[in-house]
Amino acid sequence: MELRVHISNVDNNPAMCFDTGLDPRSFARTKMSQSLIESGYVVRPDGSHDVWKASGVNEIDGSMRVYGPLFQGKRLDLLLDEISSESLGNRDKSALKKEAMNAIIAWIKTKMFLGETRSALNPAASFASPDGSVFFSPEYLSNRCLYLEGILQDTYNCPDLLGMNASAFCAGLMLYKVFAGAHPYAGQEIYQDMREGVFLPINLAVPELNNELAELIQAALLLPVEKKQASQKNNVIKSGIDILTKLLEFFTSNKPLTAELSKEKAEQIEKERKGFISKQNLIVKTRRFVVSNKYLLIGISVGLVFVLFLAFSTIRTISSRSTTQGMTSENVVGIYYDAFSSLNHELMEACVQNAGKADIIAASNLLAVYKQRQAYEMAPKLAVIQAKNWKASGGELPAPDVFGITDLSTEYIGGDENEGLVFYRVNYNLWSPADDFVRVRSDRLMLKRDKRNNWRIVEIERTER
């Protein structure tokens, strides 16, 4: 994996570097140079902090890289990932756990010192030094670089949480990974699992862990799940700031982190753990059974299953919504049109806000038609062909099953990202099974940041010929 947020040499001197992956022209067109004024923070153990600003930009192998003053430390997510490495011996793993614990404690302290000051939450955007100082990278700059790095989702944070609740959840998840040696949310629908509290409780994953510490980690991971949080016995911890404060009090009290279990107790917990896992597996198998038999139900009753399909789509959209978190405005534009070509109306809905209804309805209706056809013909795959693939293979006419966009070009035409408003011009050709000709379109898009500071398309003005 190529690290985009890293320490590297600039003019023979080490510096914090952020590889944007943009060529000089794209860097200028997307106004990424504005990232030079975005702030990061270096926070010390005594609570004092410095505002970190980028020093400049240079070009490396055709890619523009933002760089700034050096902070000597380890990237927090990489430190956590090392703990789960199977190549480590017990002694190395123990030392690494201690190092990670110290880094997390420093991260909690410095987050609390910053308070409500907006700073990067993703551990991949934070560096911790042995002296207890922590560097929080500029948030939007690091998010873009991490997205290019392949970190498409921030797996340490729930998008529903803000402020100290978000920090407490992130701290609890990092501590879980340190002690359990694994991420609590191992499924593909990670944000849905976070919202529903689908994870192996820490007391079952690490039964020897100190009960007080286990309760604090559990309370942190249940912050997005109000019902489960309220049902926890003796749980009076309701806010993220309480959890963070009690975590620091625990770690400064020199209480033992683990306690030896009796044989009987260990056997009892192991039985509970297997029962819990068995129940979770049953839920997963049930879900897979419903999905795998969806098309059989379509063959039995097309009309009834069509209604069920819409109902399941609505439920899935509500419970597991895609987001544009960490994406630049240009990313959102590109993903919207890619989703349109692939009939992914759920992802289209995540990219827009009160816009694009006609496109979403068209994609949804066409997907339903082809799924019905797939059921009738007992075909293993949908018959619809994406236009870009069709064109790449020669683009011969007639093409009754071709749908999607080709010849897409995107141009930034105005606005200011710092003010949360930008405009783009998008030109493309649209191929549809309903037409025997190509539609030549030009869309003018307005994008704004929503209440979670994510870019969304709020207006589409279209001309067509």
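Here are a few things to note about the model shown:
- Residue that is surrounded by 12 or more Cβ atoms within 10 Å (Cβ to Cβ) and modelled with pLDDT under 85, where the choices are Phe306, Phe289: Phe306
- Identity of the residue in region 156-170, in contact with a Leu (Cβ under 8 Å, 6 or more places away or on another chain) and not in a loop (DSSP other than H, G, I, E, B), that ends up nearest to Gly197 (Cα to Cα): Phe169
- Flag if Ala358 is surrounded by fewer than 18 Cβ atoms within 10 Å (Cβ to Cβ), of a type in the set (Gly, Ala, Ser) and in a helix (DSSP H, G or I): yes
- Scanning region 238-271 for residues that are loosely packed, with under 12 Cβ neighbours inside 10 Å, more than 22 Å from Gly172 (Cα to Cα) and out of contact with any Asp or Glu (no Cβ under 8 Å at 6 or more places or on another chain) yields Ser262, Lys263, Glu264, Glu267, Lys271.
- Filtered by the rule that a residue be surrounded by fewer than 22 Cβ atoms within 10 Å (Cβ to Cβ) and under 21 Å from Pro159 (Cβ atoms), region 122-142 gives Glu139, Tyr140.
- A count restricted to region 371-384 and to residues that are hydrophobic (A, V, I, L, M, F, W, C) and buried (at least 18 other Cβ atoms within 10 Å of the Cβ) stands at 2.
Okay, residues lined up against (1) assigned to a helix (DSSP H, G or I); (2) in contact with a Pro (Cβ under 7 Å, 6 or more places away or on another chain); (3) modelled with pLDDT of 90 or more:
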site	(1), (2), (3)
Lys227	yes, no, no
Thr245	yes, no, yes
Phe276	yes, no, no
Tyr295	yes, no, no
Thr324	no, no, no
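- Test: residue in region 423-442 that is touching a residue at least 60 places away in the same chain (Cβ under 8 Å) and of a type in the set (D, E, K, R): no
- Criterion (surrounded by 14 or more Cβ atoms within 10 Å (Cβ to Cβ) and out of contact with any Lys or Arg (no Cβ under 6 Å at 6 or more places or on another chain)) met by exactly one of Leu421, Leu447, Leu397: Leu447
- Here Ala383, Ala375 are screened, and the one residue that is more than 32 Å from the chain's Cα centre (by Cα) and more than 28 Å from Arg456 (Cα to Cα) is Ala375.
- Taken over region 23-49, the criterion of being modelled with pLDDT under 90 and among the hydrophobic types (A, V, I, L, M, F, W, C) is satisfied by Phe27, Ala28, Met32, Leu36, Ile37.
- One residue stands out in region 429-450 among those that are over 29 Å from the mean Cα position of the chain (by Cα) and part of a strand (DSSP E or B): the one that is farthest from Leu367 (Cα to Cα), namely Ser442.
- Leading residue by the ranking (farthest from the chain's Cα centre (by Cα)) among those in region 144-155 that are surrounded by fewer than 22 Cβ atoms within 10 Å (Cβ to Cβ) and assigned to a loop (DSSP other than H, G, I, E, B): Gly150
- Residue check, Ala368 assigned to a loop (DSSP other than H, G, I, E, B), surrounded by 15 or more Cβ atoms within 10 Å (Cβ to Cβ), hydrophobic (A, V, I, L, M, F, W, C) and not assigned by TED's automatic domain parsing to the domain that holds Ala28: no
- Within region 50-69, one or more residues are in a loop (DSSP other than H, G, I, E, B), at pLDDT 95 or above, surrounded by 14 or more Cβ atoms within 10 Å (Cβ to Cβ) and not acidic (Asp, Glu).
- Residue match in region 9-27 (condition: in the same structural domain as Thr110 (by TED's automatic domain parsing), surrounded by 14 or more Cβ atoms within 10 Å (Cβ to Cβ), charged (D, E, K, R) and within 17 Å of Arg144 (Cβ to Cβ)): yes
Listed here are the residues, each with its yes/no results for (1) touching a Pro at 6+ places or on another chain (Cβ under 9 Å); (2) assigned by TED's automatic domain parsing to the domain that holds Lys109; (3) under 30 Å from Ala106 (Cβ atoms); (4) at pLDDT below 85.
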site: Gln218; (1), (2), (3), (4): yes, no, yes, no
site: Leu223; (1), (2), (3), (4): no, no, yes, no
site: Phe250; (1), (2), (3), (4): no, no, yes, no
site: Ile269; (1), (2), (3), (4): yes, no, no, no
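- Residue that is farthest from Leu161 (Cα to Cα), among those in region 120-132 that are touching a helix residue (DSSP H, G or I) at 6+ places or on another chain (Cβ under 7 Å) and part of a loop (DSSP other than H, G, I, E, B): Gly132
- Any chance Leu141 is of a type in the set (A, V, I, L, M, F, W, C), at pLDDT 95 or above and either in a loop (DSSP other than H, G, I, E, B) or assigned by TED's automatic domain parsing to the domain that holds Tyr41 (or both): no
- Checked against the criterion of being closer than 20 Å to Leu114 by Cα and charged (D, E, K, R), the candidates Arg75, Arg65 yield just one match: Arg75.
- Any hit, region 366-382, residues being under 29 Å from Val422 (Cα atoms), at pLDDT 80 or above and of a type outside the set (Asp, Glu): no
The values are calculated or read from the model by the stated rules, or taken from the named source; none is laboratory data. Not measured: the values here are computed from a predicted model. Glycine also receives a Cβ, built like all others from the backbone with ideal geometry; neighbour counts cover every protein chain displayed.
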